[in-house]
Amino acid sequence: MNFQNDKYTLRFAVDTDNDGIREIFESGCFDGRLSVQFLRGQRPLESFRLDGDDARILVITDNESGRLAAVGGAVLRREYVGGTPQLCAYLTGLKIHPDYRHKIIFIAKAYQFFYQQVPDCRLYYTTILDENRAAISLMEKGHRNMPHYHYLGHYTTYCFHGGKRRIAVEKGNTDGFDGLLRSYFSSRDLTPADPGCAGFGENTFYCVRENGKLRACCFVGNQQGHKQYKMSSYGGILKFVSHLPTDWFGYPKFPGSGEEINFGVVSYLYVENEDEKLCSDFLRSVAAEAGFSLLIWGAFEGHPLCPALDRMKTVRYGSRLYSVEWEGERGAGEELAGVFGVEAALL
């Protein structure tokens, strides 16, 4: 589909677009006190596909130069809603190459084209970083022919590392987890229904048991084969703090500028009775056992394990969670209830 007097073409991405999509990812970064590049490797389309059952990724092409100007779309996957797996779509956000910012003026039509081409989903949702004030203002204000962004609440991502093992943890034995998936995780809307989703990476299961019963457990995934975080720069007080030996004080060591972060991602975290001490001891011990420079775990506001993470020495950043509702489908997000189970690994 052509726009702006045939200057641009909007279409679904194909594998030959990987180089152009990678260039767009490499051209931008998260701005703020922590300026980080989020990358999807040499084959970004494959990275998108790994995160769900399907990926519907759109690109905007400059018809004069043949360059890709922007990329965005959605990852479709089965997630629990109301206790049963239903098809949901996570909107990845529109990334525009710096050379084309403020030049592309048909975003509303791009959203409509996307909606017409993507199969019916129980819910469309997305996240926007707290520090991306321009996007938050744009989406919350609302515009004609644009979908409605319904604010669901706040999401916090925690980064931490291990140090000394606090307690003994068992590795690899998933006995009892399937029961937890049905009885505990399925009650949290937007929890991925498939723990074996390839997007979690090379997953390892850790747990603590008492008389064979799970008291605490989680998966830790190595996603570095298809997702990378590269440190760009620091701002504010972090510019000073980043030069200190923060790992001596229990915080993650700050990587140098241009350095890729050696990270693992925690998913399906469970702690019996939300015991804060057990949670802290378990996560510190898992981090020490897993051997990454830092682990990442995210949670929606009100999650019963957030108080434990809030008391740990972590570096954190926040996002706003929205349901994305097209005309005629208003209120889809309002039907959700409780604390959502969105996993940071698949954002």
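The values are calculated or read from the model by the stated rules, or taken from the named source; none is laboratory data. Here the structure is a predicted model, which means the values were calculated and not measured. So basically every Cβ, Gly included, is an ideal-geometry build from the backbone, and we count neighbours across all protein chains shown. Each accessible area value is taken on the protein alone, full model and side chains, heavy atoms only, with ligands, DNA and RNA left out. Shrake-Rupley method; radii C 1.70, N 1.55, O 1.52, S 1.80 Å.
Note on GLU26 and LEU138: with the Förster distance fixed at 25 Å, the Cβ-Cβ geometry gives a FRET efficiency of about 0.55. Residue by residue, the stretch 86-92 carries 3J(HN,Hα) couplings of 9, 6, 10, 10, 9, 7, 7 Hz when phi is fed to the Karplus relation 6.51 cos²θ - 1.76 cosθ + 1.60 (θ = phi - 60°); x denotes Gly or Pro.
Pairs exceeding a 19 Å alpha-carbon distance, out of LYS109/LYS227; LYS95/LYS230; LYS7/LYS103; LYS164/LYS227; LYS171/LYS227; LYS103/LYS227: LYS109/LYS227; LYS164/LYS227; LYS171/LYS227; LYS103/LYS227. Using a probe radius of 1.4 angstrom, the carbon and sulfur fraction of the accessible surface of the chain is 47%.
Computed extension gain for THR174 through GLN116, at 0.36 nm per residue and net of the alpha carbon distance, reaches 16.8 nm. Taking label positions 7 Å along the Cα-Cβ direction at both ARG11 and SER183, the computed distance is 5.3 nm, reported to one decimal. Rounded to 0.05, the FRET efficiency of the ASP194 and ARG67 pair, given R0 = 35 Å and the Cβ-Cβ distance, is 0.45.
Charging the Cβ of each Asp and Glu at -1 and of each Lys and Arg at +1, and nothing else, the dipole of the stretch 1-75 about its Cα centre rounds to 140 debye. Taking the chain as a Gaussian network of alpha-carbon nodes connected by springs under 10 Å, the highest mean-square fluctuation of the residues PHE25, PHE205, PHE106 belongs to PHE106.
Springs join every pair of Cα atoms under 10 Å in this Gaussian network model of the chain, and among LYS141, LYS171, LYS109 the largest mean-square fluctuation is at LYS141. Hydrophobic, long helices, defined as DSSP H runs whose alpha-carbon span along the helix axis is 20 Å or greater and whose mean Kyte-Doolittle value is at least -0.5, occur in the chain at 276-290.
Kindly rank 83-89, 61-67 from highest to lowest mean number of other beta carbons found within 10 Å of each residue.
So the order, starting with the most tightly packed, is 83-89, 61-67.
The share of C-alpha pairs in the chain whose separation exceeds 30 Å stands at 37 percent. Of the candidates LEU68, LEU180, LEU295, which one comes out as most mobile in a Gaussian network treatment of the chain with C-alpha springs shorter than 10 Å? Maximum fluctuation in the GNM of the chain, among the listed residues, is at LEU180.
Helix content alone sets the calculated 222 nm mean residue ellipticity of the chain: runs of n ≥ 4 DSSP H residues at -39500 (n - 2.57) each, divided across all residues, give -5500 deg cm²/dmol. Which one of GLY73, LEU50, SER27 has its Cα pushed farthest toward the positive end of the charge dipole of the stretch 3-116, where Lys and Arg give +1 and Asp and Glu give -1 at the Cβ? In the stretch 3-116, that residue is GLY73.
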